[in-house]
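S.K.: Submitted below is the structure of interest, expressed as structure tokens.
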Amino acid sequence: MADAATPFLSVVLVPGHGKKNTAEFLRRAAAYFDLKKWSWEILPPEKIASARGKYVLRADAGLRVPIKEADLLIAAIDSGCDVAAGSRRMSDPRCDVQRSLGGRLAGFFLHFLDRGSVKGMQDARCPFQCFRLEAAQAVFQGSFLSEVQALSLAQKKGLRVREIAVMWKD
């Protein structure tokens, strides 16, 4: 866990299907972050506005996106965007997206409902997003937002949002 110094990464566990896997997520995250020598802190969603890390990672505790995919989102922020959003719909030969039939049908229906909410995004509902600290503070201002709400508000505030293909397994 992070020491008293400013952590490199603040991790916010997003509620959802992953509640039963929270302990496993924390075990894997700790092992990976320790390997990377990253200092970090864990926050519940309602505390996202109090994050202190240089990067704020929103992750689903269901382990559907491997924690190592955080590297891609952090690299995107380092290359100039304010918000990097994981995507299960983008085509990338590196990414193995395994979705159940129910997951694909739900994704199609929700994508139909969301179209236009976040301009230029193929998958605004992926629960794996990373924010530059200042971007997270500007977007969340004391409240929890869904993935779509957060990305839409980020765009409205003029923040640079980039979609990144990530691995996914239902």
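S.K.: Criterion first (aliphatic (A, V, I, L, M), in contact with a helix residue (DSSP H, G or I) (Cβ under 7 Å, 6 or more places away or on another chain) and either open to solvent by less than 20 Å² (accessible area, probe 1.4 Å) or closer than 18 Å to A84 by Cα (or both)) does A51 satisfy it?
M.R.: Yes.
S.K.: Let me ask something else. Mind checking which pairs have a first residue in the range 143-170 that is more than 16 Å from C126 (Cα to Cα) and a second that is modelled with pLDDT of 85 or more and of a type in the set (D, E), Cβ under 6 Å, 6 or more apart or different chains?
M.R.: L159/D82; R160/D82
S.K.: Here's a check for you: in the range 14-38, which residue that is buried (at least 18 other Cβ atoms within 10 Å of the Cβ) and modelled with pLDDT of 85 or more is nearest to G86 (Cα to Cα)?
M.R.: The first filter runs over the range 14-38 and keeps only residues buried (at least 18 other Cβ atoms within 10 Å of the Cβ), leaving 14, 18, 25, 29, 33, 38.
Still in the list and also modelled with pLDDT of 85 or more: 29, 33, 38.
Numbers: A29: 17, F33: 19, W38: 21 Å.
Among those that are buried (at least 18 other Cβ atoms within 10 Å of the Cβ) and modelled with pLDDT of 85 or more, it is A29.
S.K.: Kindly indicate the residue of the range 39-48 that is open to solvent by 40 Å² or more (accessible area, probe 1.4 Å) and not basic (K, R) and also farthest from L73 (Cα to Cα) among those meeting that condition. So that I can check it myself, show each step before the final result.
M.R.: Pass one, the range 39-48, residues open to solvent by 40 Å² or more (accessible area, probe 1.4 Å): 42, 44, 46-47.
When the remaining residues are screened for being not basic (K, R), the result is 42, 44, 46.
Values: I42: 18, P44: 20, E46: 22 Å.
The selected residue is E46.
S.K.: Pick from the range 54-74 the residues that are touching a strand residue (DSSP E or B) at 6+ places or on another chain (Cβ under 8 Å) and open to solvent by 50 Å² or more (accessible area, probe 1.4 Å): which of them is farthest from Q137 (Cα to Cα)?
M.R.: L72
S.K.: Out of all the residues in the range 124-147, which are surrounded by 19 or more Cβ atoms within 10 Å (Cβ to Cβ) and within 12 Å of the chain's Cα centre (by Cα)?
M.R.: Hits for the range 124-147 are A124, R125, C126, P127, F128, Q129, C130, F131, R132, A136, E147.
The values are calculated or read from the model by the stated rules, or taken from the named source; none is laboratory data. Remember, predicted model here, so these are calculated numbers, not experimental data. Cβ atoms come from the backbone with ideal geometry, glycine included; neighbour counts cover every protein chain shown. Accessible surface areas use protein heavy atoms only, side chains included; no ligands, DNA or RNA. Shrake-Rupley method; radii C 1.70, N 1.55, O 1.52, S 1.80 Å.
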